[in-house]
Amino acid sequence: MSFTIAHITDPHLSPAPPPLGAHFRLKRFMGFVNWKRGRERLNDMALLGRIVADLGAQRPDHVAVTGDLVNIAMPAEFRRAAEWMATLGDPRDVSFVPGNHDAYVRSAMPLLASTFARWTTGDDGVSRFPYLRVRGEIAIIGLTSGVPTGPLMASGRLGRAQLDAFAKLLDETGARNLARVVLIHHPPLWRGAPPLRGLTDAADFERAIAAHGAEAVLHGHTHKQMVRSLPSTRTKIAGGRVPVLGAPSAAAAARDPRYRAAYHLVRLERDGDGWRVGARVRGLALDGDHIGEREPLPAPER
């Protein structure tokens, strides 16, 4: 059998509303200023709409959204983000994990949890992290690395309790010979992002993958295409390395090919007792403004 997951990330739905009145927080104010100075020019909602239409035309089996739907975590942004998520398909066929902008300030955390519960509810009927959603022979495991941080910080953290639960899910689903696809916002790699922007317990994540295995890891956050891999003796992929794929922002009208709006189509195919994983890139052409197939992904860096 084969199963295709469309991986889309970091749309930063715009415009960002000004943080006025009771919603004012210093971090929100600084984030709004940064949005006006930079992302406002790069975020193209019409382009995002074309990307989503192209994604739908590919008829993937599942859609994975790896965070940063919003900019400064205002209530109006969450309402708009929920409406956007609904355009991607039935919540049973769409999974979400939050990013640092979704968890921008502590006061937004309850609304974040309630707004996206439809897309973070596991097969046990509970919305929590990590969650497990089994679709056919594919185990989709969602982690949250989005935690509130201070101004000028964009780091993430999993925490010991989530990592321990994650390891148990990897073992349980691996014993069932399912292909384990892990969703996370921050690149779960040591030195996967600049200081104050990375996953603080990335080394613990790497150890979990090495010890318990997975077949693919999908992330966002960096706004650029990243193809890496992690070693594991417990993965069911020949060669013992787990692909770790990061996609660009799906709304970025950038000139640099690495940052130009795109999404991934990740295909998992059974290979005897193991699995093969392949990925294609579709998005804004490198030499024009049409949406279509892009250059093949390079071999994973180690």
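Of the numbered criteria (1) among the small types (Gly, Ala, Ser); (2) in contact with a His (Cβ under 9 Å, 6 or more places away or on another chain); (3) over 23 Å from Ala139 (Cβ atoms), the one Gly246 fails is (3).
Among the residues making up segment 78-99, those that are out of contact with any Ser or Thr (no Cβ under 6 Å at 6 or more places or on another chain) and among the small types (Gly, Ala, Ser) are Ala81, Ala86, Gly89, Ser95, Gly99. Checked against (1) modelled with pLDDT under 95; (2) touching a strand residue (DSSP E or B) at 6+ places or on another chain (Cβ under 8 Å); (3) surrounded by fewer than 19 Cβ atoms within 10 Å (Cβ to Cβ), Arg276 passes all but condition (1). Considering the conditions (1) closer than 23 Å to Arg255 by Cα; (2) touching a Leu at 6+ places or on another chain (Cβ under 6 Å), Phe3 is excluded by exactly one of them, (1). Taken over segment 26-74, the criterion of being β-branched (Val, Ile, Thr) and more than 26 Å from Gly89 (Cβ to Cβ) is satisfied by Val33, Ile72. Exactly one residue among Gly283, Gly292, Gly288 is assigned to a strand (DSSP E or B), more than 18 Å from the chain's Cα centre (by Cα) and among the small types (Gly, Ala, Ser), and that residue is Gly292. Take Ser145 and decide whether it is polar (S, T, N, Q) and closer than 25 Å to Glu83 by Cα. Answer is yes for this residue. Counting the residues of segment 27-85 that are surrounded by 15 or more Cβ atoms within 10 Å (Cβ to Cβ), hydrophobic (A, V, I, L, M, F, W, C), within 16 Å of Pro248 (Cα to Cα) and at pLDDT 95 or above gives 10. Is it the case that segment 145-152 has a residue that's closer than 23 Å to Arg234 by Cα and not β-branched (Val, Ile, Thr)? Scanning segment 145-152, I find no residue that is closer than 23 Å to Arg234 by Cα and not β-branched (Val, Ile, Thr), so the answer is no. Tell me, please, whether a residue that is at positive phi, assigned to a loop (DSSP other than H, G, I, E, B) and under 14 Å from the mean Cα position of the chain (by Cα) can be found in segment 217-224. Among the residues of segment 217-224, at least one is at positive phi, assigned to a loop (DSSP other than H, G, I, E, B) and under 14 Å from the mean Cα position of the chain (by Cα), which makes the answer yes. Restrict the check to segment 235-254 and report whether at least one residue is among the charged types (D, E, K, R) and in contact (Cβ under 8 Å) with a residue 40 or more places away in the chain. Scanning segment 235-254 turns up at least one residue that is among the charged types (D, E, K, R) and in contact (Cβ under 8 Å) with a residue 40 or more places away in the chain. List the pairs whose first member sits in segment 198-217 and is β-branched (Val, Ile, Thr), whose second member is at pLDDT 95 or above, and whose Cβ atoms are under 6 Å apart, counting only residues at least 6 apart or on separate chains? Every condition considered, the pairs that remain are Thr200/Ser155; Thr200/Arg157; Ile209/Leu230; Ile209/Ser232; Ile209/Val242; Val217/Val182; Val217/Val244. Counting only strands (runs of 3 or more DSSP E) that sit completely within segment 100-190, those holding 2 or more residues that are among the charged types (D, E, K, R) correspond to 131-135.
The values are calculated or read from the model by the stated rules, or taken from the named source; none is laboratory data. Note that the structure is predicted; figures quoted are calculated from it, not measured. With ideal geometry, Cβ positions are generated from the backbone for all residues, glycine too; neighbour counts draw on all protein chains shown.
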